[in-house]
Amino acid sequence: MAALQDPGCAKKKRVSSRTQLEYCYRSQDAVPARVVLYILSFTGFLTNFMMRTDINIAMVAMVVLAPPSSNVNSTLNSLVCYSYSPNTTSSEDDDAPTPSQEEGEFHWDATVQGAILSSFYWCYILSQVVGGVLTQKFGTKAVFGYSQLATAICSLFIPVAASIHYSLLIVLRSIQGIASGLTWPAMYAIVGQWIPSSERSRFMSSFQGLSCGIGLTYPLAGYLIAYSGWRSVFYTTGSIGVVWCIFWYFFAFDAPQKHPRISKQELEYIEANISSAVQSDHSMKVPWRAILTSFPAWAIGITTFGRIWVQYSFIIRGPMYMKTVLGFSIQKNGVLSGLPFLLSYLSSVVFCYIADYLVTRNLIGLTNVRKIFTAMSQVLPGLMMLAIGYLGCDITLVLITWFLAVALITASYAGAMASIVDIGPNFAGPILGFAQTIHMTASFLAPMVAAFILRNDSGLEQWRKVFWVACCIAVSTYFFFQVFGTSEVQPWNYRDGKLPDEDTEPLRKKKATRQDSDDCDTPLTTTHHQLNNTHQGHITTSGL
């Protein structure tokens, strides 16, 4: 995020028929409040996904896994890629210490495991719309903060609940799902209030804290399980969640005008550059009828259903595949399950800068950019997931394909997910809640379908069926966005239900391009020509 604007160095000059404004950003300025918000957003999603995904890797050590049904050599047609014995389950003997922590203590069959893993998402989808409504009424600070705290407290009690009965574990995971379902609508809503359109692309990369959360949780959990047992995983993630809530309480604010420590220069900069399509009046009535009958809104929800199916197949079932088919030890499992998600944060930065470049250079229209990156985020990963099943036990190619597929998924934040704010910046929270109610059903359907397919056999042949289902869903759902997807702001975004007249709409700063200047460290230049389409409020995602 660029440093604060210094209005004292702002100046006007004439460039042909256009008025050009130059703004200086000096290195000695204080840390902007929006940078603090970025850090809170990034770490908030990181923490949330640590608490959300910790059970996926912990489950490997919690349950007593049945031996594979067949013990054949590692060929393309083998059911597993390792030789089973009571003392080792690794494809590499020297990498497979088998401490008691890995042996498991619960005799839960595939159906119970599937219910536990998917229970989080049963209620998660139900709270999406509620999250949008609550955010409109109470603001992001309260909704996001309390939801995180509830999720953290539940994490701390999971070990006790699991020891009593798995039904109590399901209850806690369901509560976590209800609470976590409020987070996404809350954070989408705050973007329009805090972040000028020229910076939203960079700010949106903070949402990829989720990738880092997954990427850090798996190796951390693998280490904790190997040396301290699976219970330590939940105590660790829950404690981190509580600590994060303390920082959120003191440093997060719903709007720049409510921030007690924001500088006058930054406040003026934000107010001057927030799109006129964004109105901070929380009393605006959510146009639910218009949203529910909007083809662009439905296109986002249906299309991303396919991406979520693939993504959560990797997130939820990935560690179990590495255990039951590839035969990795818990520590290696954790590292290899988490590493692609850490790398995916970097890939999201690359995709976002590419998207920004294409739009700002007018090489491709914004709607086409959204569609291209949407296809990259689910069609290609779906095909790659299918390929993993047919690569068999070629571990190197499997891991390369696995890593590439997870990396490509992040292109969605420059695609369909960014269209949420494109089509209705005033109601980004409710729109996201509606879309996620649709597409997050895949987060619990995917593990349940996988559990059904793998109920009697967890060998490679059955996993191929799991991958076929994921691939077909990912590819087929994409075409909804290809037909109905758009980046155009919808009329129901405005109070009167009509698009503003571009000729009379107040000009506001929309885009900024860097130029050299003798009296500025890093100037941002905005031209009248760049401001003509401010009401679109477009967002592309790039690194901050």
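The values are calculated or read from the model by the stated rules, or taken from the named source; none is laboratory data. Being a predicted model, the structure only gives us computed values, none of them experimental. Cβ: placed from backbone, ideal geometry, glycine included. Neighbour counts: every protein chain shown. Accessible surface areas use protein heavy atoms only, side chains included; no ligands, DNA or RNA. Shrake-Rupley method; radii C 1.70, N 1.55, O 1.52, S 1.80 Å.
Is it the case, given these coordinates, that Asn362 is in a loop (DSSP other than H, G, I, E, B), among the polar types (S, T, N, Q) and free of Cβ contacts under 8 Å to residues at least 12 places away in the same chain? Full working, then the answer.
Values: in a loop (DSSP other than H, G, I, E, B): yes; among the polar types (S, T, N, Q): yes; free of Cβ contacts under 8 Å to residues at least 12 places away in the same chain: yes.
Yes: the conditions hold for Asn362.
Working only within the range 448-476, note down all residues that are within 15 Å of Thr304 (Cα to Cα) and in contact with a Lys or Arg (Cβ under 8 Å, 6 or more places away or on another chain). Steps first, answer last, please.
At the first step, the residues of the range 448-476 found to be within 15 Å of Thr304 (Cα to Cα) are 470-476.
Listed by number, the list holds a single entry, Ala474.
Among the residues of the range 192-213, are any touching a helix residue (DSSP H, G or I) at 6+ places or on another chain (Cβ under 6 Å), part of a helix (DSSP H, G or I) and β-branched (Val, Ile, Thr)?
no
Go through the range 389-424 and give me each residue that's under 15 Å from Ser294 (Cα atoms) and either open to solvent by 10 Å² or more (accessible area, probe 1.4 Å) or assigned to a helix (DSSP H, G or I) (or both).
We begin by selecting, within the range 389-424, every residue under 15 Å from Ser294 (Cα atoms); these are 416, 419-424.
If the condition is that a residue be under 15 Å from Ser294 (Cα atoms) and either open to solvent by 10 Å² or more (accessible area, probe 1.4 Å) or assigned to a helix (DSSP H, G or I) (or both), then Ala416, Ser419, Ile420, Val421, Asp422, Ile423 are the ones that fit.
Among the numbered conditions (1) open to solvent by 20 Å² or more (accessible area, probe 1.4 Å); (2) modelled with pLDDT under 85; (3) touching a helix residue (DSSP H, G or I) at 6+ places or on another chain (Cβ under 6 Å), tell me where Leu386 comes up short.
(2)
Quickly run through the range 105-149 and pick out the residues that are open to solvent by less than 10 Å² (accessible area, probe 1.4 Å), of a type in the set (Val, Ile, Thr), farther than 23 Å from Trp288 by Cα and at pLDDT below 85.
Matches in the range 105-149: none.
Would you mind stating whether Lys285 is under 23 Å from Ile214 (Cβ atoms) and open to solvent by 30 Å² or more (accessible area, probe 1.4 Å)?
no
Assess whether Leu342 counts as being open to solvent by 40 Å² or more (accessible area, probe 1.4 Å), in contact with a helix residue (DSSP H, G or I) (Cβ under 6 Å, 6 or more places away or on another chain), at pLDDT below 85 and in a helix (DSSP H, G or I).
Answer is yes for this residue.
Counting only residues that are farther than 25 Å from Val466 by Cα and more than 17 Å from the chain's Cα centre (by Cα), how many does the range 376-429 have?
Residues that pass the stated criteria total 6.
Is it the case, given these coordinates, that Met376 is closer than 27 Å to Ala58 by Cβ and either at pLDDT 90 or above or among the hydroxyl-bearing types (Ser, Thr, Tyr) (or both)?
Working: closer than 27 Å to Ala58 by Cβ: no; either at pLDDT 90 or above or among the hydroxyl-bearing types (Ser, Thr, Tyr) (or both): yes.
When the stated conditions are applied, Met376 does not pass them.
Yes/no per residue for (1) closer than 25 Å to Glu266 by Cβ; (2) modelled with pLDDT of 50 or more; (3) part of a helix (DSSP H, G or I); (4) among the β-branched types (Val, Ile, Thr):
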{"residue": "Lys12", "(1), (2), (3), (4)": "yes, no, no, no"}
{"residue": "Ala30", "(1), (2), (3), (4)": "yes, yes, no, no"}
{"residue": "Ile57", "(1), (2), (3), (4)": "no, yes, yes, yes"}
{"residue": "Pro68", "(1), (2), (3), (4)": "no, yes, no, no"}
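Taking the range 208-244 on its own, how many of its residues are open to solvent by less than 10 Å² (accessible area, probe 1.4 Å) and either without any contact (Cβ under 8 Å) to a residue 40 or more places away in the chain or of a type in the set (Val, Ile, Thr) (or both)?
5
Every residue in the range 150-178 that is over 17 Å from Ile116 (Cβ atoms) and open to solvent by 10 Å² or more (accessible area, probe 1.4 Å), please.
Within the range 150-178, the subset over 17 Å from Ile116 (Cβ atoms) is 150, 152-153, 156.
Across the range 150-178, the qualifying residues are Ala150, Ile153, Leu156.
Among Leu182, Leu169, Leu149, which is within 21 Å of Ile225 (Cα to Cα) and of a type outside the set (Gly, Ala, Ser)?
Values: Leu182 fails: within 21 Å of Ile225 (Cα to Cα); Leu149 fails: within 21 Å of Ile225 (Cα to Cα).
After ruling out the rest, the residue left standing is Leu169.
All but one of (1) part of a helix (DSSP H, G or I); (2) surrounded by fewer than 24 Cβ atoms within 10 Å (Cβ to Cβ) hold for Leu326, so report the exception by its number.
(1)
When you look at Arg455, is it assigned to a loop (DSSP other than H, G, I, E, B), on the phi < 0 side of the Ramachandran plot and either among the charged types (D, E, K, R) or out of contact with any Ser or Thr (no Cβ under 9 Å at 6 or more places or on another chain) (or both), yes or no?
Details: assigned to a loop (DSSP other than H, G, I, E, B): yes; on the phi < 0 side of the Ramachandran plot: yes; either among the charged types (D, E, K, R) or out of contact with any Ser or Thr (no Cβ under 9 Å at 6 or more places or on another chain) (or both): yes.
In short, yes.
Phe452: in contact with a helix residue (DSSP H, G or I) (Cβ under 9 Å, 6 or more places away or on another chain) and surrounded by fewer than 17 Cβ atoms within 10 Å (Cβ to Cβ), yes or no? Outline the logic, then answer.
Values: in contact with a helix residue (DSSP H, G or I) (Cβ under 9 Å, 6 or more places away or on another chain): yes; surrounded by fewer than 17 Cβ atoms within 10 Å (Cβ to Cβ): yes.
Yes; evaluated as a whole, the condition is true for this residue.
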